[in-house]
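The values are calculated or read from the model by the stated rules, or taken from the named source; none is laboratory data. None of these values were measured; they are calculated from a predicted model. Please note: Cβ atoms are built from the backbone with ideal geometry, for glycine as well, and neighbour counts cover all protein chains shown. The accessibility values were calculated without ligands, DNA or RNA, using every heavy atom of the protein model including side chains. Shrake-Rupley method; radii C 1.70, N 1.55, O 1.52, S 1.80 Å.
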Amino acid sequence: MRRLLGVAVLCAALTACTAEIPGPPPKPVPTTSPRIDKPRDVSAFDACKALPTDGANWYLNAATAPPAPDEKNPRFCRYSFGYPKGPLTVQVGLEEFEYDEAKRNNPSGHQGEIDGHTVWFACDTDASTLDCGVWAAVGYARTLTIRTQSPGANEAWLLSHRTTLVQYVLDRLPKSS
């Protein structure tokens, strides 16, 4: 009988230790780290081969000129596409800075996620051109950048294009091991 009473007291003590504490659940610890579910191998990335130029894809018309390194930043490649409302210029590059730097440099943007990668979207408008960018965290101090410019375009149209273009490039970047 004493043994059964001892076992019962021990079970009651163990149950009390595992019981939930009443009250609100603890708040999650916020993190500023970008999400990179699938780090990408960017060692062989060629910005001038990142996008299709033949017009075979539903979201891009045929290029009006061959892709070429950007004059201001040779790590970027400049693409030109024709559209009824005006030309669409796209710049693609891989930058060696942390994703959070893109957020600091473009404070009016918003964050999203594409294929397990944290992305930052932002636009600037002047009197004639809508200039938008998207930055995707692809690895440590590696950010895929796609900038789009088009006179006469609206932000929603450029947002859908940027999202599609980032997804296209991410799909072709091999995953790191």
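Compute the length gained on full extension between residue 43 and residue 56: take 0.36 nm times their separation in residues and subtract their Cα-Cα distance, giving the result in nm to one decimal. Present the calculation step by step, with values, prior to reporting the outcome.
Numbers: separation 13, 0.36 × 13 = 4.68 nm, distance 2.72 nm.
Full-extension gain reported as 2.0 nm.
For the stretch 75-177, which chymotrypsin sites (Phe, Trp or Tyr not before Pro) are both in a DSSP coil and crowded by at most 15 other Cβ atoms within 10 Å? Show your work: numbers first, answer last.
Numbers: sites: 76, 79, 81, 97, 99, 120, 121, 135, 140, 157, 168; in loops: 97, 140.
When the chymotrypsin sites (Phe, Trp or Tyr not before Pro) of the stretch 75-177 are filtered for loop state and at most 15 Cβ neighbours within 10 Å, 97, 140 remain.
Relative to the current alpha-carbon distance between residue 125 and residue 100, full extension at 0.36 nm per residue lengthens the span by 6.8 nm. Rounded to whole numbers, the Karplus 3J(HN,Hα) couplings from phi for the stretch 141-152 are 6, 9, 10, 6, 10, 10, 10, 10, 9, 7, x, x Hz, using 6.51 cos²θ - 1.76 cosθ + 1.60 with θ = phi - 60°, and x at Gly and Pro.
Between residue 68 and residue 164, what FRET efficiency comes out of the Förster formula 1/(1 + (r/R0)^6) with R0 = 25 Å and r the beta carbon distance, rounded to 0.05? Before the final figure, lay out each step's value.
On the way: r = 22 Å, r/R0 = 0.89.
That gives a FRET efficiency of 0.65.
Using a probe of 1.4 Å, the accessible surface attributed to residue 103 totals some 60 Å² when neighbouring protein chains are kept in position.
Each of 147, 75 has its accessible area taken with a 1.4 Å probe; listed largest first, they run 75, 147.
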